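*Asks:* Have a look at this one.
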Amino acid sequence: MLGENGTGKSTMIKLLAGKMQPDDSSIKVPELNVSYKPQKISPKSQCSVRQMLHDKIRDAYVHPQFVADVMKPLAIDNIIDNQVQDLSGGELQRVALALCLGKPADVYLIDEPSAYLDSEQRLHAAKVIKRFILHAKKTAFVVEHDFIMATYLADRVIVFDGVPSQKCTAYP
């Protein structure tokens, strides 16, 4: 999903994730088995990265395929013993992406996965997401402002257009 700031991309993802309800109660949002990585990540946990991964995605966290396809390329092992509240924005983003992909779901909703990541980390993240979704044969909706990353990830692009925060339309 591409579009200017304020055109509703994150709102759409939140609606699909069940984190928001539509303004019009007659609109029915399908109930989906989703894994959601929000746009804004705030480190509230008082534990280590290792403990958080163990608590939240234990089965994936110890699975050799997940370790090889997600954990290693995202360099999670470099920060595994760090406290979550001490992570930088980029480190937190990588952990959030691993948590999202580690949760079993039919649809993955990933809001701005390249935020806070440097150029090299953006490439790794894009490859991780694409490989994971293709191998798992799942669907992902990804909100992205980095056009190169978005076009690399996407089979289809939805462009949100309009006057930001006022009237917007999504075009497939």
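*Asks:* Just checking, how many residues over segment 34-67 are assigned to a loop (DSSP other than H, G, I, E, B), closer than 21 Å to VAL128 by Cβ and either more than 16 Å from the chain's Cα centre (by Cα) or in contact (Cβ under 8 Å) with a residue 60 or more places away in the chain (or both)?
*Replies:* The total comes to 4.
Residue by residue, here is whether (1) surrounded by 16 or more Cβ atoms within 10 Å (Cβ to Cβ); (2) of a type in the set (Phe, Trp, Tyr) holds:
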{"site": "ALA126", "(1), (2)": "yes, no"}
{"site": "LYS130", "(1), (2)": "yes, no"}
{"site": "LYS137", "(1), (2)": "no, no"}
{"site": "PHE141", "(1), (2)": "yes, yes"}
{"site": "GLU144", "(1), (2)": "yes, no"}
{"site": "PHE147", "(1), (2)": "no, yes"}
{"site": "TYR152", "(1), (2)": "no, yes"}
{"site": "ARG156", "(1), (2)": "no, no"}
{"site": "GLY162", "(1), (2)": "no, no"}
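*Asks:* Name the strands (runs of 3 or more DSSP E) wholly within segment 71-172 that hold at least 1 residues that are without any contact (Cβ under 8 Å) to a residue 24 or more places away in the chain?
*Replies:* Where strands (runs of 3 or more DSSP E) fall fully within segment 71-172 and carry at least 1 residues being without any contact (Cβ under 8 Å) to a residue 24 or more places away in the chain, they are 159-163, 167-171.
*Asks:* In segment 1-33, which residues are without any contact (Cβ under 8 Å) to a residue 60 or more places away in the chain, more than 25 Å from LEU99 (Cα to Cα) and of a type outside the set (A, V, I, L, M)?
*Replies:* Hits for segment 1-33 are PRO22, ASP23, ASP24, SER25, SER26, LYS28.
*Asks:* Failed condition for CYS47, given (1) exposed (fewer than 15 other Cβ atoms within 10 Å of the Cβ); (2) of a type in the set (A, V, I, L, M, F, W, C); (3) closer than 20 Å to ILE158 by Cα, with all others met?
*Replies:* Every condition holds for CYS47 apart from (3).
*Asks:* Can I ask one more? Out of all the residues in segment 51-103, which are surrounded by 14 or more Cβ atoms within 10 Å (Cβ to Cβ), acidic (Asp, Glu) and over 17 Å from LYS37 (Cα atoms)?
*Replies:* The answer is ASP69, and nothing else.
*Asks:* I've got another one for you. Of all residues in segment 104-124 being within 22 Å of LYS9 (Cα to Cα) and charged (D, E, K, R), which is surrounded by the fewest Cβ atoms within 10 Å (Cβ to Cβ)?
*Replies:* That would be ASP106.
*Asks:* Moving on. Kindly establish whether ASP155 is acidic (Asp, Glu), more than 16 Å from the chain's Cα centre (by Cα) and over 30 Å from CYS47 (Cβ atoms).
*Replies:* So ASP155 passes the test.
*Asks:* Here is a further query. Within the group LEU74, LEU123, which residue is under 24 Å from ALA154 (Cα atoms) and at pLDDT 95 or above?
*Replies:* Details: LEU123 fails: at pLDDT 95 or above.
Answer to the check: LEU74.
*Asks:* Within segment 8-44, restricting attention to residues that are charged (D, E, K, R) and closer than 27 Å to ASN82 by Cβ, which residue is surrounded by the most Cβ atoms within 10 Å (Cβ to Cβ)?
*Replies:* Taking segment 8-44 first, the residues charged (D, E, K, R) are 9, 14, 19, 23-24, 28, 31, 37, 40, 44.
Pick out the ones that are also closer than 27 Å to ASN82 by Cβ and you get 37, 40, 44.
Numbers: LYS37: 24, LYS40: 8, LYS44: 7.
Residue satisfying both the conditions and the ranking: LYS37.
*Asks:* Go through (1) more than 17 Å from the chain's Cα centre (by Cα); (2) not in a loop (DSSP other than H, G, I, E, B) and name the single condition VAL29 misses.
*Replies:* (2)
The values are calculated or read from the model by the stated rules, or taken from the named source; none is laboratory data. Just so you know, these numbers come straight off a predicted model, no measurement behind them. Every residue, glycine as well, gets a Cβ built from its backbone with ideal geometry; the counts of neighbours run over all protein chains shown.
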